[in-house]
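Here, each number is a calculation from the coordinates, and none is a lab measurement. Since this is a predicted model, take the numbers as computed values, not measurements. Here the Cβ positions follow ideal geometry from the backbone for every residue, glycine too, while neighbour counts run over all protein chains shown.
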């Protein structure tokens, strides 16, 4: 069954999250090295990334933390990885339907729509009220794509949230090996369920042609 649609995870797949995390460290008054090293430890242990806030600022209640978000700039076009737009345009010229959906807020949906590429569909966990790795999330991806699961590729950097659940839901799972989750979890045996593994989005069009 040929792939007809390609959907992308957001953070560390299309968007470089470095500025976001550094902004959080600055906003919370935590040295960047301390904050980022703690985040790396949380990721390595397989914990939810939000655990980092509990560790570095245990004095903040969740509602106080949300209020602190006012000092963290939203994502914008400058946060796109440099290989993102060229890849999206090449896939469009190859005739694929293109979408993006991740464990994000509706705000990120809007940021993606402003990024300089017209997606066929954009979704978020907040908008859909379902979070990866739930199989329902990937059902929503398939619905947004408008094709059968085996005709939809999902590209992501996380083994636990992207690669395995997408493959389990019947999608064509593509693992992009970049970002801290990919570096720390990329050697797990479960990575083998990906139909292709790539180091950058520049490799994706050819990888899809080779399926």
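When peptides 2-9, 151-158 are sorted by average Cβ neighbour count within 10 Å, with the highest value leading, the order is 151-158, 2-9. Segment 145-203 and segment 1-41 have their alpha-carbon centroids 17 Å apart.
Plugging the Kirkwood radius over Cα pairs into Stokes-Einstein for the chain, at a temperature of 37 °C and a viscosity of 0.692 mPa s, what D comes out in µm²/s?
Values: Rh = 17.6 Å.
Calculated translational D: 187 µm²/s.
A simple spin-label model places the labels of residue 118 and residue 85 1.6 nm from each other, with each point 7 Å out along Cα-to-Cβ.
Among 124-135, 13-24, 53-64, sorting by the average number of other beta carbon atoms lying within 10 angstrom of each residue, highest first, gives 13-24, 124-135, 53-64.
With a Förster radius of 45 Å, plug the Cβ-Cβ distance of residue 199 and residue 64 into 1/(1 + (r/R0)^6) and report the FRET value to the nearest 0.05. For R0 = 45 Å, the calculated efficiency reads 0.70.
How far is helix 18-28 tilted off the main Cα axis of the chain, in degrees rounded to 10, range 0 to 90? The answer is roughly 20 degrees. Report, to the nearest 10°, how far helix 84-93 tilts away from the longest principal axis of the Cα atoms in the chain, using its own Cα long axis and a range of 0 to 90°. It works out to around 20 degrees.
Helix 135-145 versus the longest principal axis of the chain: what is the Cα-based angle in degrees, 0 to 90, to the nearest 10? So the inclination is approximately 50 degrees. Note on segment 18-71: Rg/Rh from C-alpha atoms, Kirkwood Rh, equals 0.93.
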